[in-house]
Amino acid sequence: MKKIRIKVIRIGYIPYDINFQKITNNNSALFEVDKEINDYSLPQDSQGNNWEYTDSQFKELLPSDFEGDFLFAICNTSLENNYYARRLTDNRIIFSLSTTSNILKTENIPIENLLLRMLYAYSLNFIRYDRRIPSKTEKTKFAHDETKGCLFDMNGYIPDIVHSCDSPIICDDCSVSLSNSKVPQDIIKKVKKELAKIKKNRYYKILTFVKKHPFISIMITFVFGLIINIVSNIIWELFIKKILAE
Ligand SMILES: [Zn+2]
């Protein structure tokens with residue numbers, strides 16, 4: 001299968017420290033991201049009733065001529081209906097960090113995890129819909145309301161997004177649905193392995209474990225302390241004491 005080529009751009013001011021090399025260097029059997037991430041300005045004020053930028057505005061502001069199969073534009077403004085991503089026309093997607101960044105920060109999940117998770121989901125849908133991104137107005141059925149940590153969780157309650165940003169999965173129902181929609185089974189298998197690598201940093205994993213299991217953590221610390229103490233005593237008695245006595 002021909003790899004999907006994704007063009008990522010930033011539009012407007014993005015006030016976060018994001019390692020975009022993690023996105024452009026991500027090695028996937030499904031897609032590749034153009035190495036050059038371009039910046040675009042946001043020359044208009046919002047036209048929505050609640051200071052949100054409307055789909056029509058972004059349809060006009062985003063480039064239609066780009067190097068790639070679909071365009072993934074990242075912004076930090078509110079989008080229509082408080083969504084964090086909107087599918088526009090001409091294989092273009094606008095994605096906002098404004099509602100998701102704080103949720104990720106609280107859970108110590110890197111923003112790069114969410115970006116990759118979105119690119120995987122859209123790439124699979126791109127194949128599912130005969131190599132195109134269906135626009136928001138088109139009737140589609142690929143997300144499920146139940147939160148399972150799956151790429152296709154609806155996340156109607158936005159904080160639920162954290163469950164699919166740390167080792168996300170493709171649930172059994174979605175695996176069947178994808179393979180029934182002309183997505184090659186070997187690709188689904190490979191993607192599942194790749195998704196397992198989208199993880200929290202190890203430090204935060206340990207922190208989460210300590211928060212969840214404080215008593216076990218204290219016991220582990222105690223046992224380790226005891227072992228270190230015993231080992232240092234043995235080293236003292238067997239080697240250092242003898243060397244000093246000579
Ligand atoms: Zn699913």
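Throughout, read-outs are computed from the coordinates displayed, never taken from laboratory work. If you're wondering where the values come from, they're calculated on a predicted model, not measured in any experiment. Because the Cβ atoms are built from the backbone with ideal geometry, glycine has one as well, and the counts that use them run over all protein chains shown.
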Connecting C-alpha atoms closer than 10 Å in a GNM of the chain, tell me which of I235, I188, I103 has the biggest fluctuation. I235
Quote to one decimal, in nm, the extra length available between E67 and I235 on full extension: 0.36 nm per residue of separation minus the C-alpha distance between them. 54.1 nm
Amide H contacts of S167 (H built 1.01 Å from N, under 5 Å, at least 5 apart or other chain): I198, K199, K200
Which one of I23, I169, I228 has the biggest mean-square fluctuation once the chain is modelled by GNM with Cα springs under 10 Å? I228
Theoretical FRET efficiency, 1/(1+(r/R0)^6), r = Cβ-Cβ of T89 and N38, R0 22 Å, to 0.05: 0.65
How much length would be gained if the chain were fully extended between Q47 and L226, taking 0.36 nm per residue of separation minus their Cα-Cα distance, in nm to one decimal? 58.0 nm
Just the Kirkwood number for the stretch 75-143, please: inverse of mean 1/r across all distinct Cα pairs, in Å, one decimal. 13.0 Å
Percent antiparallel among DSSP beta bridges with both residues in the stretch 34-119, to the nearest 5? 35 percent
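Per 0.36 nm of contour for each residue apart, how much would the distance between Y129 and T99 grow if the chain were fully extended, relative to their Cα-Cα spacing? Numbers along the way, then the final one.
Details: separation 30, 0.36 × 30 = 10.80 nm, distance 2.76 nm.
This chain segment gains 8.0 nm when fully extended.
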With the convex hull built on the Cα atoms of the chain, state its orientation-averaged projected area in nm². 19.0 nm²
I'd like the GluC sites (Glu not before Pro) in the stretch 92-159 restricted to DSSP loop residues with at most 11 other Cβ atoms within 10 Å, sorted by number. E138, E146
Over 18 Å (Cα to Cα) - which of K7/K199; K3/K59; K7/K141; K22/K182; K3/K192 fall in this group: K7/K199; K3/K59; K7/K141; K22/K182
Taking Y122, Y16 and counting other C-beta atoms within 10 Å, the order from fewest to most: Y16, Y122
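Mean residue ellipticity at 222 nm from the helices of the chain, using -39,500 (n - 2.57) per DSSP H segment of n ≥ 4 over the full residue count, to the nearest 500 deg cm²/dmol? List each step's numbers first, then the result.
Numbers: 9 runs with 92 residues, N = 246.
Taking each H run of at least 4 residues, the total per residue is -11000 deg cm²/dmol.
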Long-range amide H partners of R10, meaning residues 5 or more apart or on another chain whose placed amide H is closer than 5 Å, are N38, D39, Y40, I74
Among the helices of the chain (complete DSSP H runs), which have Cα atoms covering no less than 24 Å along the helix axis and a Kyte-Doolittle mean of at least 0.5? 111-128, 214-235
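If you take every DSSP beta bridge fully contained in the stretch 4-201, what fraction is antiparallel? Give it as a percent rounded to 5. Walk me through the intermediate numbers first.
Values: 3 of 22 bridges.
Of the beta bridges lying entirely in the stretch 4-201, close to 15 percent run antiparallel.
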